[in-house]
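Okay, structure first, notes after.
The values are calculated or read from the model by the stated rules, or taken from the named source; none is laboratory data. The structure displayed is predicted, hence computed values, not measured ones. Reconstructed Cβ throughout: ideal geometry from the backbone, glycine too, with neighbour counts over all protein chains shown.
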Amino acid sequence: MQRSRVLILLVLLLAVLNGVLVYLHFFTNRSGGRDRGDSMHSWLDKNLGLTEEQERLHLKMRGTYFSELKSINDTLKLLKARFVSQSAQLDLSDSLATVWTDSINSWNRKADALTYRHVRNVRSILDPKQQPVWDSLIQVVMLRRSRK
């Protein structure tokens with residue numbers, strides 16, 4: 001009888017602990033990567049020591065970059081969806097497939113060029129002491145991006 005009471009107490013303790021973990025998982029506000037831009041901005045501010053003017057310029061550049069990149073990515077999604085729907089047709093010629101892939105590649109090049117310009121523009125507002133930190137960050141980000 002004593003053993004069953006201990007088991008009942010352990011089961012109740014586990015149930016309460018499980019309830020707490022479910023609450024923490026579903027009802028607490030975790031960034032979980034959603035606010036990566038904000039964490040990136042705070043990382044830059046912490047490690048680069050941005051001045052107020054640099055921070056203002058960076059936020060402006062960042063907003064412009066992401067709005068333009070969103071437009072390009074929306075176009076890419078649309079083109080890829082149309083290409084997939086066209087490729088469902090059995091009689092899609094190789095030349096037509098080449099036209100579609102060339103168009104998709106063209107938009108990918110535009111996104112890459114936009115990213116390059118953004119990186120270069122942000123680097124131009126940094127002091128010479130800040131630039132090596134920025135350069136190492138960009139290398140890490142680009143390597144991580146290429147693995148996806």
Residues satisfying the stated conditions in region 41-81, i.e. within 21 Å of Pro128 (Cα to Cα), surrounded by fewer than 16 Cβ atoms within 10 Å (Cβ to Cβ) and within 16 Å of the chain's Cα centre (by Cα): Ser42, Trp43
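Within region 82-99, restricting attention to residues that are exposed (fewer than 10 other Cβ atoms within 10 Å of the Cβ) and aliphatic (A, V, I, L, M), which residue is farthest from Met142 (Cα to Cα)?
In the first step, residues of region 82-99 are kept if they are exposed (fewer than 10 other Cβ atoms within 10 Å of the Cβ); the result is 85, 88-91, 93-95.
Now narrow it down to the ones that are aliphatic (A, V, I, L, M): 88, 90.
Details: Ala88: 34, Leu90: 38 Å.
The selected residue is Leu90.
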Among (1) at pLDDT below 95; (2) assigned to a helix (DSSP H, G or I), the one test that Asp91 misses: (2)
Number of positions in region 1-40 that are surrounded by fewer than 10 Cβ atoms within 10 Å (Cβ to Cβ), more than 30 Å from Leu137 (Cα to Cα) and either at pLDDT below 85 or of a type in the set (Asp, Glu) (or both): 7
Failed criterion for Asp102 (all others in (1) within 24 Å of Arg117 (Cβ to Cβ); (2) over 21 Å from the mean Cα position of the chain (by Cα); (3) surrounded by 13 or more Cβ atoms within 10 Å (Cβ to Cβ); (4) not hydroxyl-bearing (Ser, Thr, Tyr) hold): (3)
